[in-house]
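K.L.:
Take this structure first; my questions come after.
The values are calculated or read from the model by the stated rules, or taken from the named source; none is laboratory data. In this text the structure is predicted, and so the values were computed from the model without any measurement. Using ideal geometry, Cβ is built from the backbone for each residue, glycine included, and neighbour counts are taken over all protein chains shown.
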Amino acid sequence: MLVPHDPWPADEAEALAQQQALRARVDLPGPPVTARTAVGLDVSYGETGRAVAAAVVLDLATLEVVDTATATGTVTFPYVPGLLAFRELPLLAEALERLTATPDVLVCDGYGVAHPRRFGLACHVGVLTGLPSFGVAKTPFLIAAEQPGADHAARRQPEIVPGPRRGDWAPLADGAETLGRVLRTQAGVKPVFVSVGHRIDLDTATALTLTLAARYRLPETTRHADHLSRRLLGGLDAAHR
């Protein structure tokens, strides 16, 4: 499923160089997307660097799980704001390669172009797979990231509040640049933050988010991937105690 790519970077400087190079390959808004299946991606972290990545494919008509795959390993890249993809993608890539069929669209627990350098996890995984992708995040994105080696404090997006009803949204912007939407998926519940990643437009990403969040705040793709990765990680941690 993945296209050939450079080896995973060993340090922050290499990661920044790769990120800048790959950013030029993002296709926005992309062709019209007709999706029957969507895959949710998530990584859970345990003790001493262990982690589990999960990819869970859902039928968009029924929201039933039709395929799952996981990968376990040790995380080697440190947590650096703005470079989360390099921490998560090695294991997520393994999980995606183990799926029995190629999904129509990728849904990331994170950001796409709503990113300090306009290349979040959803952009990265979309470029590496060639598949339409978008991100649905739980918290406002970080507008500014510091340079390598600096204190990674960042300025958060000012609070934006959409209307109270399911489907209400407000623009997620950095100045005059629209980067996504603050979307209310359930009435009276905190919104989520939708941004496109690769080969998809914002209207389609918003509609798919609402389809996948039929009952809860977060998309079912994210919920299933999170539950699966956490369950397997719990077993690994217990076995190593």
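K.L.:
Are any residues in region 58-83 touching a helix residue (DSSP H, G or I) at 6+ places or on another chain (Cβ under 8 Å) and part of a strand (DSSP E or B), and if so, which ones?
P.N.:
Hits for region 58-83 are L58, V65, T68, A69, T70, A71, T72, G73, T74.
K.L.:
Which pairs do you get when a residue that is closer than 14 Å to A51 by Cα, found in region 71-89, comes within reach of a residue that is in a strand (DSSP E or B) and of a type in the set (K, R), reach meaning Cβ atoms under 8 angstrom, with the pair 6+ apart or on two chains?
P.N.:
Hits for this filter: T72/R50; G73/R50; T74/R50; V75/R50.
K.L.:
Still on this structure, I have one more. Can you tell me which of (1) buried (at least 18 other Cβ atoms within 10 Å of the Cβ); (2) in contact with a Pro (Cβ under 6 Å, 6 or more places away or on another chain); (3) part of a helix (DSSP H, G or I) is the one Q19 doesn't meet?
P.N.:
(2)
K.L.:
Quickly run through region 72-92 and pick out the residues that are crowded, with 21+ Cβ neighbours inside 10 Å and over 16 Å from E14 (Cβ atoms).
P.N.:
E88, L91, L92, listed by residue number.
K.L.:
Still on this model: From the set of residues in region 169-201 that are over 19 Å from the mean Cα position of the chain (by Cα) and among the aliphatic types (A, V, I, L, M), which is nearest to R118 (Cα to Cα)?
P.N.:
Among them, the one singled out is A176.
K.L.:
Six or more apart or on different chains, Cβ under 7 Å: which pairs go from a residue in region 126-144 that's modelled with pLDDT of 95 or more to one that's aromatic (F, W, Y)? Could you list them?
P.N.:
Here the result reads G135/Y111; A137/Y111; A137/F193, each pair linking region 126-144 to a residue that is aromatic (F, W, Y).
K.L.:
Counting just the residues of region 29-50 that are of a type outside the set (V, I, T), buried (at least 17 other Cβ atoms within 10 Å of the Cβ) and modelled with pLDDT under 95, which one comes out nearest to the chain's Cα centre (by Cα)?
P.N.:
Top of the filtered list is G30.
Quick grid of which residues meet (1) out of contact with any strand residue (DSSP E or B) (no Cβ under 9 Å at 6 or more places or on another chain); (2) buried (at least 16 other Cβ atoms within 10 Å of the Cβ); (3) in a loop (DSSP other than H, G, I, E, B); (4) among the β-branched types (V, I, T):
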| residue | (1), (2), (3), (4) |
| --- | --- |
| P171 | no, no, no, no |
| R181 | no, yes, no, no |
| Q186 | yes, yes, yes, no |
| V189 | yes, no, yes, yes |
| I200 | no, yes, yes, yes |
| D203 | yes, no, no, no |
| H227 | no, no, no, no |
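K.L.:
Being surrounded by fewer than 24 Cβ atoms within 10 Å (Cβ to Cβ), of a type outside the set (F, W, Y) and part of a helix (DSSP H, G or I): is that true of T222 here?
P.N.:
Values: surrounded by fewer than 24 Cβ atoms within 10 Å (Cβ to Cβ): no; of a type outside the set (F, W, Y): yes; part of a helix (DSSP H, G or I): yes.
Answer is no for this residue.
K.L.:
OK, next. Could you figure out which of (1) surrounded by 15 or more Cβ atoms within 10 Å (Cβ to Cβ); (2) within 16 Å of H124 (Cα to Cα) isn't true of A24?
P.N.:
(1)
K.L.:
Which of (1) surrounded by 16 or more Cβ atoms within 10 Å (Cβ to Cβ); (2) charged (D, E, K, R); (3) over 19 Å from G197 (Cα atoms) is the odd one out, the single condition D11 does not satisfy?
P.N.:
Going through (1) surrounded by 16 or more Cβ atoms within 10 Å (Cβ to Cβ); (2) charged (D, E, K, R); (3) over 19 Å from G197 (Cα atoms) one by one, D11 breaks only (1).
Results for (1) within 19 Å of L63 (Cα to Cα); (2) not hydrophobic (A, V, I, L, M, F, W, C), shown as yes or no for each residue.
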{"site": "P191", "(1), (2)": "no, yes"}
{"site": "A205", "(1), (2)": "yes, no"}
{"site": "L212", "(1), (2)": "yes, no"}
{"site": "R223", "(1), (2)": "yes, yes"}
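K.L.:
Further question on the same structure: Can you pull out every residue in region 13-32 that is out of contact with any Lys or Arg (no Cβ under 9 Å at 6 or more places or on another chain), touching a residue at least 12 places away in the same chain (Cβ under 8 Å) and under 14 Å from G130 (Cα atoms)?
P.N.:
L22, R25
K.L.:
Within region 27-52, how many residues are out of contact with any Asp or Glu (no Cβ under 6 Å at 6 or more places or on another chain) and either in a strand (DSSP E or B) or closer than 15 Å to L121 by Cβ (or both)? Before the answer, list the steps.
P.N.:
Here is the first cut: in region 27-52, the residues out of contact with any Asp or Glu (no Cβ under 6 Å at 6 or more places or on another chain) are 27-28, 30-34, 38-41, 44-45, 48-52.
The next check asks that each one be either in a strand (DSSP E or B) or closer than 15 Å to L121 by Cβ (or both); those that pass are 38-41, 44-45, 50-52.
Looking only at that region, the number is 9.
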